[in-house]
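Asks: Encoded as structure tokens, here's the structure I'll be asking about.
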Amino acid sequence: MKEIEKAKIKLLSDRLDLIRHKMANISLADEAEKYAEFEKEKVELETEIVRLKALRNNKLSKEAQKLENMPFKRLITKKEQADIGKLKKAVRGLIIVHPMTALGREMELEGMTGFSKTDF
């Protein structure tokens, strides 16, 4: 599932990078109006990127808090990881978070961790 905010941040960052390259190629003395226009758009893009990053971080924090409040959590063993589908079928409502995902890094997980409302 690709996040909407992540895609928007990527798109805006690409536009910002393009504007920075255009600004570097413009001579300030000859095209001052165009440079000022690029500068204005650059500021707008930077503020929008900061806003979207804050929104994304807030969403991740909410998800992390929701998972932390679940009554049961534990590391998933290598044997269970080999047949993760069987584990998910056995434990309804199991949510598995990998430590290399954004959510996993935020939660500072050591290994693949399962969160559930029932014991597993």
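Asks: Per DSSP H run of n ≥ 4, the term is -39500 (n - 2.57); total these for the chain, divide by its residue number, and report the mean residue ellipticity at 222 nm rounded to 500 deg cm²/dmol.
Replies: Working: 5 runs with 77 residues, N = 120.
The per-residue figure over the chain is -21000 deg cm²/dmol.
Asks: Tell me, in nm to one decimal, what length is gained between Lys117 and Ile84 on full extension, where the rule is 0.36 nm per residue of separation less the Cα-Cα distance? Walk me through the numbers before you get to the answer.
Replies: Numbers: separation 33, 0.36 × 33 = 11.88 nm, distance 1.76 nm.
Full extension of this stretch gives 10.1 nm more.
Asks: A further question on this structure: Taking the 0 to 90 degree range and rounding to the nearest ten, how far is the long axis of helix 4-25 tilted relative to the main principal axis of the chain, both from C-alpha atoms?
Replies: 30 degrees
Asks: Please list 110-118, 72-80 highest first by mean number of surrounding beta-carbon atoms within 10 Å per residue.
Replies: 110-118, 72-80
Asks: Now, a different point. Please give the per residue accessible area of the chain, computed with a probe of 1.4 Å over protein heavy atoms only, in Å².
Replies: Value returned for the chain: 74 Å² of accessible area per residue.
Asks: Of all the accessible heavy-atom surface of the chain, with the other protein chains kept in place and a 1.4 Å probe, what percent is carbon and sulfur?
Replies: 55 percent
Asks: Related question: Determine ³J(HN,Hα), in whole Hz, for all residues of region 26-37 in sequence, where each value follows from phi through the Karplus function 6.51 cos²θ - 1.76 cosθ + 1.60 and θ = phi - 60°; x replaces Gly and Pro.
Replies: Working through the residues one at a time gives 8, 7, 5, 6, 7, 10, 5, 5, 5, 4, 5, 5 Hz.
Asks: Another one. At a Förster distance of 30 Å, what's the computed FRET efficiency of Leu18 paired with Lys59, Cβ-Cβ distance as r, to 0.05?
Replies: About 0.65, to the nearest 0.05.
The values are calculated or read from the model by the stated rules, or taken from the named source; none is laboratory data. Keep in mind that what you see is a predicted model, and the values were worked out from it rather than measured. For neighbour counting, all protein chains shown are included, and Cβ atoms are generated from backbone atoms with ideal geometry for every residue, glycine included. Please note that ligands, DNA and RNA were not included when accessible areas were found on the heavy atoms of the full protein model with its side chains. Shrake-Rupley method; radii C 1.70, N 1.55, O 1.52, S 1.80 Å.
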